[in-house]
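Visitor: Take a look at this one; I'll ask things after.
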Amino acid sequence: MAEDDPFQIATIDELRIHYDAPNPLILRSKLDFLHDHMLHYMKLAPIVCIASDTPSGLDASPRGGEPGFIKPLDRKTLAFADWPGNNKMETFSNVIESGRVGMLFMAPQLDVFMRINGAAIVTRDPAVLDRLIEQGKTPKAAVKVSVEEAYFHCGKAFRRSGLWKPETWPDTSGFPSVGKVLSDMAKITEMSVEQLDAFYNHGLEHELY
């Protein structure tokens with residue numbers, strides 16, 4: 001931290017002074033394999049956030065697709081594909097370095113998350129890639145995850161945010177276009193805002209897979 005915080009909680013023991021112990025029933029629902037209910041949830045989830053790390057830093061990245069795009073290979077293993085993006089390859093690079101990921105699944109209208117943590121590798125195994133084909137296209141590579149922890153997480157964040165209730169959504173009409181954001185933040189002068197918007201929108205429309 002840039003400066004010391006006199007109110008910092010610096011130890012787990014100190015943290016626990018302020019919070020109750022978790023309910024034992026909740027702890028019993030943390031598994032090291034994919035239960036039937038988890039496989040069902042996975043089929044409903046069109047978006048997942050992937051957390052990864054290396055000694056030099058952390059990363060969190062979204063992955064999306066048709067519901068069920070994350071594929072269980074068996075009760076202990078799942079896989080997800082790499083599709084066209086910004087080519088920074090942050091998640092895949094982190095997996096190669098650290099060999100671990102955390103995954104947060106979300107399924108529309110369900111007030112519960114699913115979380116999976118485990119060891120991970122980047123693979124070009126043809127048998128795995130064939131399972132991940134979308135719109136007739138085979139991914140260049142995939143991440144294969146060995147499940148170490150799998151559990152459902154309370155959906156209070158959904159309730160607090162109103163994410164599944166359009167009537168609670170804020171008015172976003174005043175937020176600038178992606179082209180404007182990129183132009184301002186990266187100080188891009190070689191392309192106009194309109195050109196940047198066209199470039200971005202072309203990727204959204206024509207380069208998903």
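Read-outs: derived from the displayed coordinates by stated rules, not from any lab. All values reported here derive from a predicted model rather than from experimental measurement. Note that we place each Cβ from the backbone using ideal geometry, even for glycine, and neighbour counts take in every protein chain shown.
Visitor: Over 25 Å between Cα atoms: which of 88/187; 76/140; 140/180; 43/180; 43/156 fall into that group?
Guide: Pairs exceeding 25 Å: 140/180; 43/180.
Visitor: Something else: Taking GluC sites (Glu not before Pro) as exposed when DSSP calls them loop (any state but H, G, I, E, B) and at most 11 other Cβ atoms lie within 10 Å, what is the longest stretch of the chain free of them, the sites themselves excluded?
Guide: 4-189
Visitor: Quick one: Debye curve from the alpha-carbon atoms of the chain only, equal weights, vacuum; give me log10 I(q)/I(0) at q = 0.08, 0.10, 0.14 Å⁻¹ to two decimals.
Guide: Summing over Cα pairs of the chain leads to -0.38, -0.59, -1.09.
Visitor: Count the net charge of all other residues whose Cβ sits under 10 Å from the Cβ of residue 72, scoring Lys and Arg as +1 and Asp and Glu as -1.
Guide: For residues surrounding residue 72, the net value is +4.
Visitor: Pull up all non-local amide H partners of residue 147: gap of 5 or more, or a different chain, and H-to-H distance under 5 Å with H placed in the peptide plane.
Guide: Placed amide hydrogens put 77, 78 under 5 Å from residue 147.
Visitor: For residue 204 and residue 190 in the same chain, what is the full-extension length gain: residue separation times 0.36 nm, less their Cα-Cα distance, in nm?
Guide: 2.9 nm
Visitor: Taking Cα centroids, how far is the range 158-177 from the range 56-126 in Å?
Guide: 26 Å
Visitor: Enumerate by residue number the trypsin sites (Lys or Arg not before Pro) in the range 121-209 meeting two conditions: DSSP loop (anything except H, G, I, E, B), and at most 13 other Cβ atoms within 10 Å of the site's Cβ.
Guide: Answer by residue number: 124, 140, 187.
Visitor: Add +1 for every Lys or Arg and -1 for every Asp or Glu among the other residues with Cβ under 14 Å from the Cβ of residue 178, and state the total.
Guide: -3
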